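Step one of this worksheet: look at the structure below.
The values are calculated or read from the model by the stated rules, or taken from the named source; none is laboratory data. Predicted model only: the values in this text are computed from it and were never measured. Please note: Cβ atoms are built from the backbone with ideal geometry, for glycine as well, and neighbour counts cover all protein chains shown.
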Amino acid sequence: MAVPTASAESNLTIRTRKLAQSIGRPLFAVFLAMIAGSIVIMATSPGSLLDRFNQTIAAYQALFTGAFGNAQNFSFTLTTVTPLI
């Protein structure tokens, strides 16, 4: 009589893990870049610490509004990024 062994991971589990790894690294890189950018903005901005924090938030808000704010901005973003992909 054969001894039962541990079942192999399902194909879906393997694919899900590979997808998470392939998406996780670029997202982590973008997150670290945003942290580094925040540090640079706060280090070079005049004023109190609260003013620097508010300027950093305003800068990233303008960045995201300019890139994804409405359909036209999103279209321009896709047009610019498509050759890089």
Kindly establish whether Ser75 is under 17 Å from the mean Cα position of the chain (by Cα) and hydroxyl-bearing (Ser, Thr, Tyr). no
Under the condition of being at pLDDT 90 or above and of a type in the set (Val, Ile, Thr), which residue from segment 12-55 is farthest from the chain's Cα centre (by Cα)? Thr44
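Working only within segment 40-80, note down all residues that are part of a loop (DSSP other than H, G, I, E, B) and of a type outside the set (S, T, N, Q).
To start, the set of residues in segment 40-80 that are part of a loop (DSSP other than H, G, I, E, B) comprises 45-48, 69-70.
Answer for segment 40-80, where residues must be part of a loop (DSSP other than H, G, I, E, B) and of a type outside the set (S, T, N, Q): Pro46, Gly47, Gly69.
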Checklist (1) at pLDDT 95 or above; (2) in a loop (DSSP other than H, G, I, E, B) applied to Glu9, failing item: (1)
Cβ pairs under 9 Å, 6+ apart, first in segment 54-67 and touching a residue at least 24 places away in the same chain (Cβ under 8 Å) and more than 16 Å from Ala36 (Cβ to Cβ), second exposed (fewer than 12 other Cβ atoms within 10 Å of the Cβ) and charged (D, E, K, R): none
Check whether at least one residue in segment 27-39 is exposed (fewer than 11 other Cβ atoms within 10 Å of the Cβ) and of a type in the set (Ser, Thr, Tyr), and report yes or no. no
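Can you find a residue that is in contact with a Ser or Thr (Cβ under 7 Å, 6 or more places away or on another chain), charged (D, E, K, R) and surrounded by 10 or more Cβ atoms within 10 Å (Cβ to Cβ) anywhere in segment 52-66?
Start the filter on segment 52-66 by keeping residues that are in contact with a Ser or Thr (Cβ under 7 Å, 6 or more places away or on another chain), which leaves 52, 55-56.
From what's left, charged (D, E, K, R): 52.
Checking the rest, the ones that are also surrounded by 10 or more Cβ atoms within 10 Å (Cβ to Cβ) come to 52.
Looking through segment 52-66, at least one residue is in contact with a Ser or Thr (Cβ under 7 Å, 6 or more places away or on another chain), charged (D, E, K, R) and surrounded by 10 or more Cβ atoms within 10 Å (Cβ to Cβ).
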